[in-house]
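A.B. asks: Quick one: structure below, then a few questions.
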Amino acid sequence: MYQSQAHSNDELQQFINRPGRHLVFLSADWCGDCKVIKPFVQGIRDKVEESADWMDADRDENLDWASQFGLKGIPSFVLFENGQKINQIGHGERLTPKQIEDWYQQTLA
């Protein structure tokens, strides 16, 4: 199963401020819907990394960072470009891999 890597608020901010596209996967260990999607996250990440960088974030460890972008529900997948939040999917509902992949492709279109 996919294992998220922890990052500090500063690391996340530096990551999204770099030029280009960056996707942040926001989750938490206690989140049931996060546990449901995690077996599919590596496949999603592999597809996303063809056109964007990827970073994991723990909602509880990065609460201040998440709050500044209005990110409350998890799991969430959030796309940033050149420091700006472009779009997100996930507000606390259960997501399928197809929903996430379709959202990503539609966001890039």
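The values are calculated or read from the model by the stated rules, or taken from the named source; none is laboratory data. What you are looking at is a predicted structure, and each value in this text was computed from that prediction instead of being measured. When we count neighbours, we look across all protein chains shown, and the Cβ atoms used for this are built from the backbone with ideal geometry, even at glycine.
A.B. asks: Any residue in the stretch 1-27 that is surrounded by 12 or more Cβ atoms within 10 Å (Cβ to Cβ) sitting within a Cβ distance under 9 Å of a residue that is assigned to a strand (DSSP E or B) and of a type in the set (Lys, Arg)? List the pairs, counting only those 6 or more apart or interchain.
C.D. replies: ILE16/LYS85
A.B. asks: Which residues, counting only those in the stretch 58-75, are out of contact with any Ser or Thr (no Cβ under 7 Å at 6 or more places or on another chain), under 15 Å from ILE89 (Cα atoms) and not basic (Lys, Arg)?
C.D. replies: Of everything in the stretch 58-75, those that are out of contact with any Ser or Thr (no Cβ under 7 Å at 6 or more places or on another chain), under 15 Å from ILE89 (Cα atoms) and not basic (Lys, Arg) turn out to be ALA66, PHE69, GLY70, LEU71, GLY73.
A.B. asks: For GLN105, which of the numbered conditions (1) of a type outside the set (D, E, K, R); (2) without any contact (Cβ under 8 Å) to a residue 40 or more places away in the chain; (3) assigned to a loop (DSSP other than H, G, I, E, B); (4) loosely packed, with under 14 Cβ neighbours inside 10 Å fails to hold?
C.D. replies: So GLN105 meets the others, but not (3).
A.B. asks: Here is a follow-up. Can you tell me how many residues within the stretch 46-65 are closer than 20 Å to ARG21 by Cβ and either of a type in the set (A, V, I, L, M) or in a loop (DSSP other than H, G, I, E, B) (or both)?
C.D. replies: Result for the stretch 46-65: 8.
A.B. asks: Please go through the stretch 82-102 and give me each residue that is outside any loop (DSSP other than H, G, I, E, B) and either within 16 Å of ASP46 (Cα to Cα) or small (Gly, Ala, Ser) (or both), ordered by number.
C.D. replies: Scanning the stretch 82-102 gives PRO97, LYS98, GLN99, ILE100, GLU101, ASP102.
A.B. asks: Moving on. Pairs please, first residue from the stretch 53-70 and without any contact (Cβ under 8 Å) to a residue 60 or more places away in the chain and within 20 Å of GLU81 (Cβ to Cβ), second anywhere and among the small types (Gly, Ala, Ser) and surrounded by fewer than 16 Cβ atoms within 10 Å (Cβ to Cβ), Cβ atoms under 7 Å, 6+ apart in sequence or on different chains.
C.D. replies: The qualifying pairs are ASP53/GLY20.
A.B. asks: Looking at GLY43, is it at positive phi and not in a strand (DSSP E or B)?
C.D. replies: Details: at positive phi: no; not in a strand (DSSP E or B): yes.
No, not satisfied.
A.B. asks: If I filter the stretch 66-81 for residues that are surrounded by 14 or more Cβ atoms within 10 Å (Cβ to Cβ), part of a helix (DSSP H, G or I) and modelled with pLDDT under 95, do I get at least one hit?
C.D. replies: yes
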